[in-house]
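Peer 1: Sharing a structure below in structure tokens format, with a few things to ask.
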Amino acid sequence: MRRVVFNQKGGVGKTSITCNLAAIGAALGYRTLVVDLDVQGNTTHYLVGEIDAEAFPAEAQGVAGLFKQTVGSRKMRQNPDSFVWETRYENLYLMPSSPALSQMEKELESRYKIYKLRDALDKLSEEYDRVYIDTPPNFNFYSKSALIAADALLIPFDCDSFARQSLYSLMDNIAELQEDHNPDLEVEGVVINQFNSQARLPGELVTELREEGYPVLGTYLNTSVKMKESHREHRPLIDLSPGHKLTVQFVELHAELEKSLSRAA
């Protein structure tokens, strides 16, 4: 199963959701790969901390290295697993981001390499039980590559009116991409993030989304300073604070997704 976490609006919690769901899956025994396609590299930083740029040149790192070799000599190409790093967590692996992604995007797009991530993940399908793909907050070459490579889409929603307008635009783009490139992509659900049950607006927005037919998942993720601590410590919540309320919500969200996956099978 390959899940892409995507929203065109920034600041909705893509990285937090990607990393914490992946870490929970790994802790439960799923061999899990995280692919970081966001040039900002927040997912990479979250899981492994600072990267030594001298030891790992930007053009050779992770996703950038994988894409770079698609425009080079076929004889020099490496197996996609060569661009995967181990993390300190058992069963959790990372294909890291790199600043080089921004320099490569135009060439990759002009040479129509948009299916290369899907091809790479196809080759890795026997090695990983779950793949989570984090994306940039815009509908560009890398996010399209992720959506083409994925089986399912999770959409983070941070409960404000701007997020709602962004969701409408996003769904139009997703429908077009499904039609043109990946008819099997399933919108698995809208993840309610940074939810404040004490405020009226979040509840009203979620109710309206449900009434409009959006597949809102049943588990909501609250706002918590613990998430910021988790980012600072480079430790997913399941490792940093297993009993915290937000951690429990992530565990419940993961269980909801896995249960839905089992029913579909």
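Every read-out reported here was derived from the displayed coordinates using simple, explicitly stated rules and does not represent laboratory data. Owing to the predicted nature of the structure, the values given are computational and were not obtained by experimental measurement. Heads up, the Cβs are rebuilt from the backbone with ideal geometry, glycines too, and the neighbour counts pull from every protein chain shown.
Peer 1: Among DSSP beta bridges whose residues both lie in the range 2-264, state the antiparallel percentage, nearest 5.
Peer 2: Values: 2 of 26 bridges.
If I count the DSSP bridges inside the range 2-264, around 10 percent turn out antiparallel.
Peer 1: May I pose another question? Please report 254, 181 as a ranked list, fewest other C-beta atoms within 10 angstrom at the top and most at the bottom. Please list the in-between numbers first.
Peer 2: Values: 254 22, 181 16.
Ascending number of Cβ neighbours within 10 Å: 181, 254.
Peer 1: Then there's this: Taking the Cβ of residue 93 as the center, what net charge do the other residues with Cβ under 12 Å away carry, scoring Lys and Arg +1 and Asp and Glu -1? Write out the running numbers ahead of the final one.
Peer 2: Details: positive: 31, 88, 130; negative: 36, 81, 86, 90, 127, 129.
Around residue 93, the charge tally is -3.
Peer 1: Just want the answer: with Cβ charges of +1 for Lys and Arg and -1 for Asp and Glu, which residue in 170, 83, 110 is farthest toward the dipole's positive end in the chain?
Peer 2: 83
Peer 1: Let me ask something else about it. Which of these, 23, 199, 175, has the largest mean-square fluctuation under a Gaussian network model of the chain (Cα springs below 10 Å)?
Peer 2: 199
Peer 1: Give the residue list of GluC sites (Glu not before Pro) in the range 97-138 that are DSSP loop and have at most 11 other beta-carbon atoms within 10 angstrom. Please report the intermediate quantities before stating the final value.
Peer 2: Values: sites: 105, 107, 109, 126, 127; in loops: 126, 127.
Of the GluC sites (Glu not before Pro), the ones in loops of the range 97-138 whose Cβ has at most 11 other Cβ atoms within 10 Å are 126.
Peer 1: Between residue 211 and residue 229, what is the label-to-label distance in nm when each label sits 7 Å out along the Cα-to-Cβ direction?
Peer 2: 3.9 nm
Peer 1: Taking the 0 to 90 degree range and rounding to the nearest ten, how far is the long axis of helix 245-264 tilted relative to the main principal axis of the chain, both from C-alpha atoms?
Peer 2: Roughly 70 degrees between the two axes.
Peer 1: Expressed in nm to one decimal, what extension gain is obtained for the pair residue 127 and residue 81 from 0.36 nm per residue of sequence separation less their Cα-Cα distance? Walk me through the numbers before you get to the answer.
Peer 2: Details: separation 46, 0.36 × 46 = 16.56 nm, distance 0.90 nm.
This chain segment gains 15.7 nm when fully extended.
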